[in-house]
């Protein structure tokens, strides 16, 4: 994801920084202008002009370039939401394996985590895998939000918290 972030930062800074970043990314990936143009489904002359001349890419062309780079890196954008939780929660609580978002269906991909560190690593892995969003526990969501560039939703288990309090109260009276 570093290449994509570098490209996006460069694109927002200036056309010159974008040209430099694209040249470096092509070199890093061992690709030619023709290779990337074919992968991005844009004309080689368009990409050549962006890299070597004073031409700014349209938003559509920039999106195509980013998707092509992600694909080359093995990071195809997935239509899935990452769920980071303990194995028990994933096995016993989670029922839905897909969710309807407008006209599209997004899969739910599970990432088990036993520790806070596991959850942070899982979140980074999920973003690299192409997750469109992440659902995780409140103990890690503030940290993950600072690290990643995709939306984060926090699990708020009201019912399970209330049930746990009742159970603790029953046990304390026993």
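The values are calculated or read from the model by the stated rules, or taken from the named source; none is laboratory data. Here the structure is a predicted model, which is why all the values come from computation and not from measurement. Using ideal geometry, Cβ is built from the backbone for each residue, glycine included, and neighbour counts are taken over all protein chains shown.
Values computed for the structure shown
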| item | result |
| --- | --- |
| Hits in region 125-150 (condition: farther than 13 Å from residue 84 by Cα, outside any helix (DSSP H, G or I) and modelled with pLDDT under 90) | 130, 132, 149, 150 |
| Residue among 152, 124, 120 that is surrounded by 12 or more Cβ atoms within 10 Å (Cβ to Cβ) and touching a strand residue (DSSP E or B) at 6+ places or on another chain (Cβ under 7 Å) | 152 |
| Flag if residue 54 is under 27 Å from residue 102 (Cβ atoms) and surrounded by fewer than 14 Cβ atoms within 10 Å (Cβ to Cβ) | no |
| Total residues in region 7-22, condition in contact with a helix residue (DSSP H, G or I) (Cβ under 6 Å, 6 or more places away or on another chain) and free of Cβ contacts under 8 Å to residues at least 40 places away in the same chain | 5 |
